[in-house]
Amino acid sequence: MNYVGRLAPSPTGAQHVGNARTFLVAWLAARQVSGQLLLRIEDLDTPRTKPGATEQAIEDLNWLGLDWDPTGSEQTFTIQSSREARYAMAIEQLKHRNLIYPCTCTRSEIERAASAPHESVLDGAIYPGTCSHHDGNHGDDLKSQGIPFAWRFRIPRGIVSFEDERLGIQSLDAGRLLGDFVVARSYGVTAYQLAVVVDDHDFGINHVVRGNDLVFSTYRQMALYQAFGWDVPAWLHMPLVVGLDGRRLAKRHGDTRLSYYREQGVTPETIIGFLAKSLGLIDKTERISTMELLEIGRATPDWIHRTPAEPLVFAGFSPSGTA
Ligand code: GLU
């Protein structure tokens, strides 16, 4: 089967070195097998989406030397906000099968209910099921009364497993440990979990490369794939990039935006070289272009399975090109 992967930046802020690492792995994994790579802008998180961040992400990818398909045509990427009609169809399908229900619980109500000491919180509060006795028709009633609500997916009880290309088989009782999750808001905004599954399916994505902060989302998305009866892509979750304090890269670590380094005179080859070394693709940190790295990837395609399991510690670049 031809490899189809994707780059999926969220324009909620500028892309930083951590995003660059995931993009590089997604790009190399696709290109080394002459596969396709699509670009999707994940702009559904509207309050957090920043003006100009989409253009900035595209500029960052171009600057790093990471391309996507189809090349040469005008509209070469998908924007999730233009696909709400498609997501609404998927929601309708789930509603019809009573796989989702309307939920009016507030965040603080859920957190209060979930703070019972016996619950182990893996990825946010576990929804206690307060509204799960409702069916889809109740959503129509709420809508006609102008009462806001969220559509929640009934995640089945039992073990969900998936195979990560690096970590091997991963299993979790997702129903019990993650709980029913939101797939849309009544005012017409689709949640990340559903949009990603519908998009990956519709665009024939069969390889997903992303940060391991999304492993719990993968279990939720697996449950959605099963509900729709769709083929599941191969998954590769990469360890995150962290600062010297071991915490994931964020503002507290100073400016790690790609655009900042560009302004400082750091070259894309410096960044690619640093990331390539961190992935075990080259032995010592040196400047290297994505095209040069592609040759190395093609010659040693199993590098993906040997990348370090630990987070990558990053302390900044100097303009002279050292990490
Ligand atoms: N948009 C997400 C991010 O920037 C990636 C989501 C995904 O790959 O499924 O972290």
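The values are calculated or read from the model by the stated rules, or taken from the named source; none is laboratory data. Everything quoted here is computed from the prediction, not taken from an experiment. Cβ coordinates were reconstructed from backbone atoms using ideal geometry, including for glycine residues, and neighbour counts include every protein chain displayed. We work out accessible area using only protein heavy atoms, side chains counted, and drop any ligands, DNA or RNA first. Shrake-Rupley method; radii C 1.70, N 1.55, O 1.52, S 1.80 Å.
List of remarks:
- Residue list for segment 13-29, restricted to those being more than 8 Å from the ligand (Cβ to nearest atom) and either open to solvent by 10 Å² or more (accessible area, probe 1.4 Å) or not in a helix (DSSP H, G or I) (or both): 13, 14, 15, 16, 18, 23
- Residue, surrounded by the fewest Cβ atoms within 10 Å (Cβ to Cβ), within segment 268-289, restricted to residues that are assigned to a helix (DSSP H, G or I) and under 22 Å from the mean Cα position of the chain (by Cα): 278
- The set of residues from segment 290-303 being open to solvent by 20 Å² or more (accessible area, probe 1.4 Å) and assigned to a helix (DSSP H, G or I) comprises 291, 292, 295, 296, 298, 299.
- Subset of segment 22-40 [within 13 Å of the chain's Cα centre (by Cα) and touching a residue at least 40 places away in the same chain (Cβ under 8 Å)]: 22, 23, 26, 40
- Residue 234 vs. criteria open to solvent by less than 20 Å² (accessible area, probe 1.4 Å) and within 24 Å of residue 29 (Cα to Cα): no
- Residue match in segment 53-63 (condition: of a type in the set (Asp, Glu) and surrounded by 18 or more Cβ atoms within 10 Å (Cβ to Cβ)): yes
- Scan of segment 30-46 for residues that are of a type in the set (A, V, I, L, M), within 10 Å of the ligand (Cβ to nearest atom) and assigned to a loop (DSSP other than H, G, I, E, B), ordered by number: 44
- Of residues in segment 183-230 being open to solvent by less than 20 Å² (accessible area, probe 1.4 Å), under 12 Å from the mean Cα position of the chain (by Cα) and of a type in the set (Ser, Thr, Tyr), the one nearest to the ligand (Cβ to nearest atom): 217
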